[in-house]
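Following: one structure in structure tokens, then a few remarks.
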Amino acid sequence: MIEVSLFAEDFGHEAFLTALIQRLAIELGIELAVHARSVRGGRGKALAELRQYVSDLERGRDLLPDLLVVATDANGQGYTTRRREVEREAVRFEQAQPGRLIVAIPDPHVERWMLVDSRAFKAVLGRGCSAPDFKCERQRYKRALLQAMQAAGIVPPLGGMEYASDIVQHLDLERIGSLDESLGQTVAALRNRLKNL
């Protein structure tokens, strides 16, 4: 069994990426377990916890995963900048386990990933949504997700991310890269690494 550690900035990343990893594993016929190590408190806290986790792995205080997935929003800083920040904190893991680190950077926010495939949204909630344009503005995608859910007659108690697993099951993964580049890159990286483990 493949052991995957998922470091996520918040519940939204954890819910979406756990479902995505599990879906890809099923499609590839791979048995795996996802161990979420989500951090509440945002990107800075997540990076600090990641640094500590890598240190614990080096010292044998935790079991070495087959794959380490780290997720944080780009937050208008750009995919490349955020990726470099994560890679800096996980460099020792990557050096010891080449090719076993995947950085998932929703650009600009994970809530946008929930809205990019209107057909998947409709399959789960009964009504499609408009894919939001690409613009980094604090709270923009949280509001858009909430409004799309409300338009479908749903009042989500957790802001909508509680539907992530269901939406992920309906995503058209073959065309997702044309809908959102950062999601397409994440799907491609996960698929490739899982095939090669």
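A short reminder: the numbers here are calculations on the coordinates, not readings from a lab. What you are looking at is a predicted structure, and each value in this text was computed from that prediction instead of being measured. Note that we place each Cβ from the backbone using ideal geometry, even for glycine, and neighbour counts take in every protein chain shown.
With a cap of 11 neighbouring Cβ atoms within 10 Å, and only residues DSSP puts in a loop, list the GluC sites (Glu not before Pro) found in the stretch 148-197. The partial results should precede the final answer.
Values: sites: E162, E174, E181; in loops: E174.
Loop-located and lightly packed - E174.
For a quick check, take a GNM of the chain with Cα springs below 10 Å and name the residue from V54, V86, V168 with the largest mean-square fluctuation.
With Cα springs under 10 Å in the chain, the top fluctuation among V54, V86, V168 is at V54.
Mind putting together the pair-distance distribution for the chain? All Cα pairs, 5 Å bins, whole percent per bin, short to long.
1, 8, 17, 21, 20, 16, 10, 5, 2, 0, 0
Give me the three principal axis extents of the stretch 114-191 from the C-alpha atoms, as integers in angstrom, largest value leading.
Cα spread of the stretch 114-191 along its principal axes, largest to smallest: 33, 27, 19 Å.
For the stretch 5-70 and the stretch 76-137, write down the distance between their C-alpha centroids in whole Å.
Between the Cα centre of the stretch 5-70 and that of the stretch 76-137, the gap is 14 Å.
So how many Å³ per residue does the convex hull of the Cα atoms of the stretch 67-176 work out to?
Numbers: hull volume 12.5 nm³, N = 110.
For the stretch 67-176, the hull spanned by Cα atoms encloses 113 Å³ per residue.
Per DSSP H run of at least 4 residues, take -39500 (n - 2.57); add these up for the chain, divide by its residues and hand me the 222 nm value, nearest 500 deg cm²/dmol. It would help to have the intermediate numbers written out before the result.
Numbers: 10 runs with 105 residues, N = 197.
When only DSSP H runs of four or more count, the value is -16000 deg cm²/dmol.
Pairs of Cα atoms under 8 Å, at least six residues apart: use those to get the relative contact order of the stretch 1-110, whole percent.
Details: 174 pairs, mean separation 34.4, N = 110.
That works out to 31 percent.
Give me the net charge of V187's neighbourhood, meaning all other residues with Cβ under 12 Å from the Cβ of V187; Lys, Arg count +1, Asp, Glu -1. All intermediate terms of the calculation are to be shown ahead of the outcome.
Details: positive: R23, R175, R191, R193; negative: E27, D117, D172, E174, D180, E181.
Local net charge: -2.
With an 8 Å cut-off on Cα pairs and a minimum separation of 6 or more residues, tell me the relative contact order of the stretch 2-196 in percent. Mind dumping the intermediate values first?
Numbers: 315 pairs, mean separation 46.5, N = 195.
With pairs under 8 Å counted, the relative contact order is 24 percent.
Pick out, in residue order, every one of the GluC sites (Glu not before Pro) in the stretch 23-109 that is DSSP loop and has at most 12 other C-beta atoms within 10 Å; say none if there are none. Don't skip to the end; give the middle numbers.
On the way: sites: E27, E31, E49, E58, E85, E87, E89, E94; in loops: E31.
Taking the stretch 23-109 and a limit of 12 other Cβ atoms within 10 Å, the loop GluC sites (Glu not before Pro) found are E31.
Using DSSP to define loop residues, name the trypsin sites (Lys or Arg not before Pro) in the stretch 159-197 whose beta-carbon has at most 13 other beta-carbon atoms within 10 Å.
Working: sites: R175, R191, R193, K195; in loops: R175.
Here the trypsin sites (Lys or Arg not before Pro) that fit, given the DSSP loop and packing criteria, are R175.
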